[in-house]
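Written below as structure tokens is the structure these notes are about.
The values are calculated or read from the model by the stated rules, or taken from the named source; none is laboratory data. What you see is a predicted model, and the numbers here were worked out from it, not measured in a lab. With ideal geometry, Cβ positions are generated from the backbone for all residues, glycine too; neighbour counts draw on all protein chains shown. What goes into the accessible areas is simple: the full protein's heavy atoms, side chains included, and nothing from ligands, DNA or RNA. Shrake-Rupley method; radii C 1.70, N 1.55, O 1.52, S 1.80 Å.
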Amino acid sequence: MSDSSSSYRQILKSTSIIGGASVINVLIGLVRIKLVAVMFGPVGIGFLALLNNIMAVASTVAAMGLRNVGTRQIAEAVGKGDEHHIAVASRALLMATAVLSVLGAAITWLLREPIAEYVLGSADKADAVAWIALGVFLTVVSGSQGALLNGLRKINELAKVTIGTALVSTLVGIPLLWWGGEAMLPVFVLLPPLTTLIISHIYARRIPKQTIQREAGSEISEQIKTMLKLGGYFMLSGLVLILGLLFVRMIIQDNLGIQAVGYFEAAWIISMTYVGFVLGSMAADYYPRLTAVIHDKEKAVELVNDQAEMALLLLAPILVAVMALAPWAVRILYSSDFTASIEILRWQVIGDALKILSWPLGFVILAAGEGRIFLFSETFAMLVFSMVVLAGIQVFGLVSSGIGFVIMYSMYLPIVYFVARSKIGFRFRSHVLMYAAVVLSVLIFVFYLTSLSESIALVFGLLISFVMLFLGLQRVSKKVFNCGFFDLIKSRLIQRKSNGVLK
């Protein structure tokens, strides 16, 4: 098997495992959000979004980027086959996490009143923030377990954690909301990190422990210093993204009300959901693989191109389908009260096409350990997004958030491309760029059709989506199995029939 076919097969395998888990997670999550939307409406969705945002900001600061850096350090040691350094990096990760998780929770609890007043609009909601403090502890600790599994490329275990978290948090959370009403929303926010911690800990305990000599204490200290130094940049990068989203939500709330935040959140969740099954596999498998080969520029360039092409092939039909089905998707997944989310979602679909190209390049910066550059690129992107929303909300209303999303990735893509070019000499393969241009053109065309007729857009959009699905399956099949998709199906059917006869 050629190196190219092996690379595509690995990407397809990891995407199918993590992607399959993400699809299940998405379906369960959509049921969860649908029930919350029905019970509490746009206001409840908006309040839930703000609580999640508070927890994300606090846990991002508390974690000091340890999940990203821990994954990187462990994956780098795995790439070298150095068992000793794997054990040292793992121990350093767990020790740093133990301290940071407690500090993060304590500081969040102490600041519960000003946080409630500034973000939630009233100090009376300080009790809700107090619950979030516990969520910060759970999120930081579970993040270290995830980094360990991720760095060791335990793909099956990561998939099981994803599915288990979605299932348990939903089965427990929805009855709690039904019983306790809106007062239970803070507890509802806690359930995912709690479940993640429990399940990931079960799998982490099964990993064979390496004995570390006492003399390795200085190595562990150095690893912790490295993690905190590099993690500081990643923490600030994550903080910028989360604070930027919080700022955008606050702009919407101040200008259009909490209900509008719910509309924005609905579109955002759908947008983040359907790309999650591919982008999630990048974080779980592609990132540690890229880290292991980042110093071999030729291999790194090949891997980035393979990942970008596979992501486009898998997601292009979905992007076009979502563009065409946006009105039905919003009404089915939420309710007819969320009609204002439809146009935002369509703009975000176009932005997602650019995002799919950007993400494989962004991981080059992470794998190379370029914390400052990563911080700059993420800060610039979020600054563009928030400024477009701030400047456009009085003119374009809520749609400014969708427009801002497109502009953000239009400017972010050239930045990460330039960095990847300077670090590993990266260039997109010509057919990858050509297919990306086709996808963007199709999305813009279907978007235009929606302004003429929803029915026409639906028919053409779904037709084009099926064509792109067929072409994508053909390309993937040829890359992975060296034959067309239908030839592959035919050969498998013949093989099954032959096995049946032999039996």
(message) Among the residues of the range 109-125, are any β-branched (V, I, T), modelled with pLDDT of 80 or more and under 21 Å from G29 (Cα atoms)?
(response) no
(request) List the number of the failed condition for A329; all other conditions in (1) assigned to a helix (DSSP H, G or I); (2) open to solvent by 30 Å² or more (accessible area, probe 1.4 Å) hold. (result) (2)
(message) Among the listed residues I403, I444, I424, identify the single one that is closer than 14 Å to I350 by Cβ and surrounded by 20 or more Cβ atoms within 10 Å (Cβ to Cβ).
(response) I403
(request) Could you check how many residues of the range 57-73 are part of a helix (DSSP H, G or I) and either touching a Phe, Trp or Tyr at 6+ places or on another chain (Cβ under 7 Å) or basic (K, R) (or both)? (result) 5
(request) Could you list, in sequence order, all residues of the range 70-94 that are over 26 Å from the mean Cα position of the chain (by Cα) and either open to solvent by 60 Å² or more (accessible area, probe 1.4 Å) or of a type in the set (G, A, S) (or both)? (result) K80, G81, E83, H84, H85, A87, R91
(request) Could you grab me the full set of residues in the range 332-341 that are part of a helix (DSSP H, G or I) and either closer than 14 Å to E454 by Cα or of a type in the set (G, A, S) (or both)? (result) S336, S341
(message) Under 8 Å between Cβ atoms, which residue pairs at least 6 apart in sequence (or on different chains) link something in the range 436-461 that is closer than 18 Å to I356 by Cβ with a partner that is of a type in the set (K, R)?
(response) F447/R346
(message) If P208 meets every condition in (1) open to solvent by 50 Å² or more (accessible area, probe 1.4 Å); (2) touching a residue at least 24 places away in the same chain (Cβ under 8 Å); (3) not in a helix (DSSP H, G or I) apart from one, which number is that one?
(response) (2)
(request) Scan (1) open to solvent by less than 10 Å² (accessible area, probe 1.4 Å); (2) modelled with pLDDT under 85; (3) in contact with a Pro (Cβ under 9 Å, 6 or more places away or on another chain) for the single condition R153 breaks and write down its number. (result) (1)
(request) Assess whether S101 counts as being assigned to a helix (DSSP H, G or I), modelled with pLDDT under 75 and polar (S, T, N, Q). (result) no
(request) Return a yes/no flag: does the range 252-273 have any residue that is more than 19 Å from the chain's Cα centre (by Cα), among the hydrophobic types (A, V, I, L, M, F, W, C) and not in a helix (DSSP H, G or I). (result) no
(message) Take T195 and tell me if it is farther than 23 Å from A116 by Cβ and buried (at least 19 other Cβ atoms within 10 Å of the Cβ).
(response) yes
(request) Being open to solvent by 10 Å² or more (accessible area, probe 1.4 Å), more than 17 Å from A75 (Cα to Cα) and over 15 Å from the mean Cα position of the chain (by Cα) is the filter here, so list the residues in the range 359-379 that pass it. (result) R372, I373, F374, L375, F376, T379
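Could we say that L315 is at pLDDT below 90, open to solvent by less than 10 Å² (accessible area, probe 1.4 Å), under 19 Å from M272 (Cα atoms) and touching an Asp or Glu at 6+ places or on another chain (Cβ under 9 Å) here?
Spelling it out, L315 is indeed at pLDDT below 90, open to solvent by less than 10 Å² (accessible area, probe 1.4 Å), under 19 Å from M272 (Cα atoms) and touching an Asp or Glu at 6+ places or on another chain (Cβ under 9 Å).
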(request) Filter the range 452-473 for residues that are open to solvent by less than 90 Å² (accessible area, probe 1.4 Å) and either basic (K, R) or within 29 Å of the chain's Cα centre (by Cα) (or both) and give the result. (result) A457, L458, G461, L462, I464, S465, V467, M468, L469, F470, G472, L473
(message) Just to be sure I understand, how many residues within the range 451-481 are over 27 Å from W347 (Cβ atoms) and of a type in the set (G, A, S)?
(response) 1
(message) Here are the criteria: (1) within 24 Å of I202 (Cα to Cα); (2) touching a residue at least 60 places away in the same chain (Cβ under 8 Å); (3) in contact with a Leu (Cβ under 6 Å, 6 or more places away or on another chain); (4) surrounded by fewer than 24 Cβ atoms within 10 Å (Cβ to Cβ). Tell me which single one N53 does not satisfy.
(response) (1)
(message) Looking at the structure I just gave you, is A133 closer than 26 Å to A96 by Cβ and either crowded, with 20+ Cβ neighbours inside 10 Å or without any contact (Cβ under 8 Å) to a residue 40 or more places away in the chain (or both)?
(response) yes
(request) Taking the options V301, V320, V293, name whichever one is modelled with pLDDT of 85 or more, surrounded by fewer than 21 Cβ atoms within 10 Å (Cβ to Cβ) and not small (G, A, S). (result) V301
(message) Given the options I344, I356, I350, name the one that is open to solvent by 10 Å² or more (accessible area, probe 1.4 Å) and either in a helix (DSSP H, G or I) or among the acidic types (D, E) (or both).
(response) I350
(message) I'd like the full set of residues that are out of contact with any helix residue (DSSP H, G or I) (no Cβ under 7 Å at 6 or more places or on another chain) and either within 12 Å of I365 (Cβ to Cβ) or at pLDDT 90 or above (or both), limited to the range 381-426.
(response) L383, M387, A391, P414, F418, R421, S422
